[in-house]
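Read the structure below first, then the notes.
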Protein chains: 4
Amino acid sequence: MRFAYRGVVPILPTPFLANEDLDLESLRRLLAFVRTIGVDGVTVLGVLGEAAALTDAEARDVLATAVEAAGPLPVVAGASRYGVRATRAFVEMAAESGAAAVMVAPPSVDGIGETAVYRYFAGVCADSPLPVVVQDHPASTRVQMSADLLVRLADDLESMAGIKAEAIPTAPKVRILKQRAPRVPVLTGLGALYARFDLAAGSDGFNTGFAFPEFLVELLRLANAGASEATNALYARFLPLVVLEQQPGPAIRKEIWRRRGILASARVRAPGAQYDPATDEVLTQLLAEATANADLTAALRLSDLIHS
Amino acid sequence: MRFAYRGVVPILPTPFLANEDLDLESLRRLLAFVRTIGVDGVTVLGVLGEAAALTDAEARDVLATAVEAAGPLPVVAGASRYGVRATRAFVEMAAESGAAAVMVAPPSVDGIGETAVYRYFAGVCADSPLPVVVQDHPASTRVQMSADLLVRLADDLESMAGIKAEAIPTAPKVRILKQRAPRVPVLTGLGALYARFDLAAGSDGFNTGFAFPEFLVELLRLANAGASEATNALYARFLPLVVLEQQPGPAIRKEIWRRRGILASARVRAPGAQYDPATDEVLTQLLAEATANADLTAALRLSDLIHS
Amino acid sequence: MRFAYRGVVPILPTPFLANEDLDLESLRRLLAFVRTIGVDGVTVLGVLGEAAALTDAEARDVLATAVEAAGPLPVVAGASRYGVRATRAFVEMAAESGAAAVMVAPPSVDGIGETAVYRYFAGVCADSPLPVVVQDHPASTRVQMSADLLVRLADDLESMAGIKAEAIPTAPKVRILKQRAPRVPVLTGLGALYARFDLAAGSDGFNTGFAFPEFLVELLRLANAGASEATNALYARFLPLVVLEQQPGPAIRKEIWRRRGILASARVRAPGAQYDPATDEVLTQLLAEATANADLTAALRLSDLIHS
Amino acid sequence: MRFAYRGVVPILPTPFLANEDLDLESLRRLLAFVRTIGVDGVTVLGVLGEAAALTDAEARDVLATAVEAAGPLPVVAGASRYGVRATRAFVEMAAESGAAAVMVAPPSVDGIGETAVYRYFAGVCADSPLPVVVQDHPASTRVQMSADLLVRLADDLESMAGIKAEAIPTAPKVRILKQRAPRVPVLTGLGALYARFDLAAGSDGFNTGFAFPEFLVELLRLANAGASEATNALYARFLPLVVLEQQPGPAIRKEIWRRRGILASARVRAPGAQYDPATDEVLTQLLAEATANADLTAALRLSDLIHS
């Protein structure tokens, strides 16, 4: 069965206890929750999964736990490593662990040219045991990939299963990619900040870490149903919360998952910034406004909200 | 009369004709317009004023035109140059041209340390003929200024008249600055993306380039009046447009001013990105939604909108 | 008469007095000196000419003074500005001031792609009143230009008169450029650190700021005469001094010119780093060793040195 | 027995076969060789050891092999990881593997301030099972550490065993550190490019990867014996080779070790740049010149060379 990179694929945080130990129990709760809300897969070990702060052994534990707890949901593993060799080693491990696909960003090398980036992905994709999602996120990699390069990768690399389009401004690039690389699906991220514009530009869905993935599911459902007014209303309703939450670092996102009863702690591994308690008041307000004071520990019933 | 850095101080784009010639006529229209909407000053020659794309002579023309057209409104001139000497030369010119203050960011030097940044501002502020607003905007300068450094600058430099706080996340830093450097006002920017959170953190107002400055005026008025529900409703109403408009580069902003009948052209100087016509549909929708189909060429009557 | 970008074209520092005022008197002395040593031209207003620290008016003064004092020597003016428009305005001024050519680096814009860099140079070169030397110096611009791009520029832009190749490692790129873009000469720089390897790779000469340009002249003469052993011996003799002097910033270079009796002061404009007096001892030693205790205020007689 | 960070501690490359497999056999040969030439220790898994291109398991294999083959020589393990937690996990592993110390650079996080860097090292050093060498190498980390910060770290962190000073210009910083942080030794690196100046500034020795570590041993011996003329002569003799070899990337260095009969292959893991065969001619010349046509597969007898 082939992996399809489409729909809503939430990026999951990596839960830690207050002492920064891995918290696999919370991870299982997270998977159990997202299985109930109609997502199409999950991604672990992404940038906001603090992948860089994990040892290889911890990454393996996170992935194995996620695969087991995901049940039928395909699990995409963030696999970006500095070189082809290390990335491929990780992809092997991910395949053995039961991942359905991997997500790979170009190595963060100052002055790496497009030729080297092409070679990197060609090396990673050659006989890859898993489909590869190419992540275009210059904010974390400092590497620019032109639309031309992405199109060429999509044309040449059979294992390439999709593009995670996160280079600002996203909409114009999504438009070009959908036209010139129609073979590969394009999902967008950036915490859904530009979700309305991404959808208008032809994005096939969302691969991002907003702590209410049911919002992304409903947003995409409405958009696919052609209900553009409802789509826009739902987007607008959550936008203040989205703006707050998409700021760099996973701290606010983890705090929301904590409030939802999923994470035991909002702890971020040092030297990442911790959640700032001074944010409490505004976060509480925004949550209440967006959800109409709903019980955060249950899945939101968004169709009720938006028609009310 | 002393300059007060407070309230709403819109950052104005620098208008060009389609052939990239300076368009001072449009600049005059822009000033004439903002004089009618209750702002507290204007800033020209900022990052989004494409200051780096102007010759010194053009910068002088823009400033002189703005001062003349501003009437009683104080004009803040973006004055960031690479070194103390060139910045001071610019400040002299700005003073002679009738500017009320200057805005200065640290020089974009890889690996410049806080000691050198301190010395830079000390040099710029010493016997400065104009009050100096310190701009903290790492996205354009790649220079980090710690809250400690900003507090020290505020303590030591009498000419320092304010801080433009644009380092993400803005709210925690604003909170610290208001507590530890109470002498200097702090305005926030970033296209008003975080306006609600900035206000909650104690921001004294806005110094940013959103193409509906009357929105910023009303937002601040409501906040200062303690009308927090109305503040939040107004913020939410404009937020989708704010999100679209705050993306890097002045193109969308200039297109809105063009639609408002102020700019003759949305032209951005090369190699800056031009307005992408594929954005037309979504921009038109967002403008209609935010303004309730108001006539864009007139000042918005926001109190009507928000109470309706 | 066409400008030929070849031979030895020293990059001149911009002299300042101790109070950071422009010191045009020292600049005239510098030109008078280099006219006596057989160079093929000079460059003013480069990176090490602290061009970014000058106002437009000062840059004009420096250029006019240099042209006047250069006599028959062609003067290349550093003309890099942020956008096509400002660069072209500068080039116009340079042409009126009597410059023979301009040197232009791509604008230092994060994430600028090769398409935008191509457009920038196409815009600068179109109907340019002066020949354009393209500077490839990622250390100052943070912009990578692939050999492919440089070849394409050389193929397409008639006004392009040469390439200043300063992307490390220089030798492999020089080799490619000489093969694939034979129309345009390639000079190398970086303070002559890699001079021996650059020459072996086919560099047409030097366009750099080492404070003994007579060394560069002799080195190239020997290399062109096929005297490879003497070339290598001369390179080795000066290399310790070259290594010291090529460190970032113009301070050591200016100090040497001061000791040579040319500059009144080694002053660098803030926030550039000043000459560190703790370097005195080692600099004095290196100068004595390289020059065999020659009188630094006279042109070195290098043929004597190297055969002794 | 306490680890002393002093003398000559060569940074070893990580050998790969032509197919990029780890080549532990070559690593053993490398250790066997350096044990014969009087070095004071070795460092594995540094930047030039391509540590970022290894999996954790490979890093462990490299370290275990090096420790076993090093015999009495202390082995310093490059241990830089993104966060305190991952770094500490690596240090634990290194301690169990028999490393004598670890070398740690600050995490490469855009805009990380000195407070966060301090916290990072404080976290790494707290109850560390191994002494910690702090590496100051902005070229690879993009993080600036002021002399003030380094002094504070040396004052506060008992586990801190030394500073690898590789921020250009190195000499002034070495001078400050020797004066203000006399407790900790300072070694310098950068391929020995600035060795003469570093020694003059008070560097306690070398911790770098030049492929003739016997050159570094002799250079330091001469300097410590006060034989400054011989020191300078030896430096000058090798400098052209040093200049060639210190260029970014381990390719030339690995090729020299291959020619010395130690490495089976000069292979660099993709996307690192491979050795460019066009360099062959100049490299062969430089080796012959520096070593007076010595047999490269034996340790150089440098005292013969320099007195000849």
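The values are calculated or read from the model by the stated rules, or taken from the named source; none is laboratory data. As the structure is a computational prediction, the values presented were derived from the model and not from experiment. FYI the Cβ positions are ideal-geometry reconstructions off the backbone, even for glycines, and counts take in every protein chain you see. In case anyone asks, the SASA skips ligands and DNA or RNA and just uses the protein heavy atoms, side chains included. Shrake-Rupley method; radii C 1.70, N 1.55, O 1.52, S 1.80 Å.
Taking the criterion of being within 30 Å of A:V268 (Cα to Cα) and of a type in the set (S, T, N, Q), would at least one residue in the stretch D:39-60 satisfy it?
Yes: one or more hits.
Of the conditions (1) more than 14 Å from chain A (Cβ to nearest Cβ); (2) surrounded by fewer than 19 Cβ atoms within 10 Å (Cβ to Cβ), D:V9 fails just one. Which one is it?
For D:V9, the failing item is (2).
So which residues in the stretch B:259-278 are farther than 23 Å from C:A86 by Cβ and of a type in the set (D, E, K, R)?
Residues satisfying the conditions are B:R259, B:R260, B:D276.
For the condition without any contact (Cβ under 8 Å) to a residue 40 or more places away in the chain and over 22 Å from A:T279 (Cα atoms), what is the one hit in B:S159, B:S228, B:S140?
Only one candidate passes the filter, namely B:S159.
Which residues, counting only those in the stretch C:96-151, are facing another protein chain (nearest Cβ under 8 Å), within 30 Å of C:A70 (Cα to Cα) and more than 23 Å from the chain's Cα centre (by Cα)?
Passing the criteria: only C:G123.
For the stretch B:197-208, indicate whether the set of residues that are away from chain C (no Cβ under 14 Å), over 19 Å from B:V8 (Cα atoms), touching a helix residue (DSSP H, G or I) at 6+ places or on another chain (Cβ under 9 Å) and of a type outside the set (S, T, Y) is non-empty.
No.
D:R258 fails exactly one of the following numbered conditions: (1) without any contact (Cβ under 8 Å) to a residue 24 or more places away in the chain; (2) within 25 Å of C:A167 (Cβ to Cβ). What is the number of that condition?
So D:R258 meets the others, but not (2).
Out of the stretch B:70-95, which residues are more than 14 Å from every other protein chain (Cβ to nearest Cβ), open to solvent by 20 Å² or more (accessible area, probe 1.4 Å) and on the phi < 0 side of the Ramachandran plot?
Hits for the stretch B:70-95 are B:P72, B:L73, B:P74, B:A95.
State all residues of the stretch C:183-199 that are open to solvent by less than 10 Å² (accessible area, probe 1.4 Å) and aliphatic (A, V, I, L, M); if no residue qualifies, say none.
C:V184, C:V186, C:L187, C:A192, C:L193, C:A195
Which one is farthest from the other protein chains (Cβ to nearest Cβ) among residues in the stretch A:26-51 that are over 25 Å from A:G162 (Cβ atoms) and of a type outside the set (S, T, Y)?
Only one residue tops the list, namely A:A32.
Return the only residue of C:L153, C:L149, C:L157 being among the hydrophobic types (A, V, I, L, M, F, W, C), at negative phi and open to solvent by 10 Å² or more (accessible area, probe 1.4 Å).
Within the list C:L153, C:L149, C:L157, the selection yields C:L157.
State which residue is surrounded by the most Cβ atoms within 10 Å (Cβ to Cβ) when the search covers only the stretch B:234-251 and only residues that are modelled with pLDDT of 95 or more, facing another protein chain (nearest Cβ under 10 Å) and more than 19 Å from A:A200 (Cβ to Cβ).
Taking the candidates together, the pick is B:Y235.
All but one of (1) closer than 23 Å to B:R196 by Cβ; (2) touching a helix residue (DSSP H, G or I) at 6+ places or on another chain (Cβ under 7 Å) hold for A:E218; state the number of the condition that does not hold.
A:E218 satisfies every listed condition except (1).
I'd like to verify a number: residues in the stretch B:32-51 that are under 14 Å from B:T297 (Cα atoms) and either open to solvent by 40 Å² or more (accessible area, probe 1.4 Å) or in a helix (DSSP H, G or I) (or both), how many?
4
What residue, of A:D23, A:D61, is within 14 Å of chain D (Cβ to nearest Cβ), open to solvent by 40 Å² or more (accessible area, probe 1.4 Å) and touching a residue at least 24 places away in the same chain (Cβ under 8 Å)?
Of A:D23, A:D61, the one residue that is within 14 Å of chain D (Cβ to nearest Cβ), open to solvent by 40 Å² or more (accessible area, probe 1.4 Å) and touching a residue at least 24 places away in the same chain (Cβ under 8 Å) is A:D61.
Scan the stretch C:201-224 residue by residue and report those that are touching a Gly at 6+ places or on another chain (Cβ under 7 Å), open to solvent by 10 Å² or more (accessible area, probe 1.4 Å) and farther than 27 Å from D:D276 by Cβ.
C:V217 - this is the single residue of the stretch C:201-224 that is touching a Gly at 6+ places or on another chain (Cβ under 7 Å), open to solvent by 10 Å² or more (accessible area, probe 1.4 Å) and farther than 27 Å from D:D276 by Cβ.
If you take the residues in the stretch B:262-276 that are within 26 Å of B:E214 (Cα to Cα) and surrounded by fewer than 21 Cβ atoms within 10 Å (Cβ to Cβ), which one is farthest from the other protein chains (Cβ to nearest Cβ)?
B:A264
Take the stretch B:257-306 and flag every residue that is among the polar types (S, T, N, Q) and over 28 Å from B:L234 (Cβ atoms).
Listed by number, the residues that qualify are B:S265, B:Q274.
Among the residues of the stretch A:57-111, count how many are in contact with a Leu (Cβ under 6 Å, 6 or more places away or on another chain), over 20 Å from A:P13 (Cβ atoms) and acidic (D, E).
So the answer is 0.
So, C:L54, is that one under 19 Å from the mean Cα position of the chain (by Cα), touching a residue at least 24 places away in the same chain (Cβ under 8 Å) and at the interface with chain B (Cβ under 10 Å from one of its Cβ atoms) or not?
For C:L54, the condition - under 19 Å from the mean Cα position of the chain (by Cα), touching a residue at least 24 places away in the same chain (Cβ under 8 Å) and at the interface with chain B (Cβ under 10 Å from one of its Cβ atoms) - is met.
For the stretch D:214-263, name all the residues that are closer than 19 Å to D:R35 by Cα and small (G, A, S).
Within the stretch D:214-263, D:G261 is the sole residue that qualifies.
Exactly one condition in (1) open to solvent by less than 10 Å² (accessible area, probe 1.4 Å); (2) closer than 18 Å to C:P131 by Cβ; (3) touching a Gly at 6+ places or on another chain (Cβ under 8 Å) is false for C:P107; which is it?
(2)
I need the full set of residues from the stretch D:83-114 which are touching a helix residue (DSSP H, G or I) at 6+ places or on another chain (Cβ under 6 Å) and in a strand (DSSP E or B), in order please.
D:V102, D:V104 - these are the residues of the stretch D:83-114 that are touching a helix residue (DSSP H, G or I) at 6+ places or on another chain (Cβ under 6 Å) and in a strand (DSSP E or B).
If you check A:R259 against the conditions, is it at pLDDT below 95, away from chain D (no Cβ under 14 Å) and surrounded by fewer than 19 Cβ atoms within 10 Å (Cβ to Cβ)?
So A:R259 fails the test.
Among the residues of the stretch A:277-290, how many are farther than 16 Å from B:A171 by Cα and over 22 Å from the mean Cα position of the chain (by Cα)?
Residues that pass the stated criteria total 2.
Which of (1) within 13 Å of chain C (Cβ to nearest Cβ); (2) crowded, with 21+ Cβ neighbours inside 10 Å; (3) more than 30 Å from D:A154 (Cβ to Cβ) is the odd one out, the single condition D:K254 does not satisfy?
(1)
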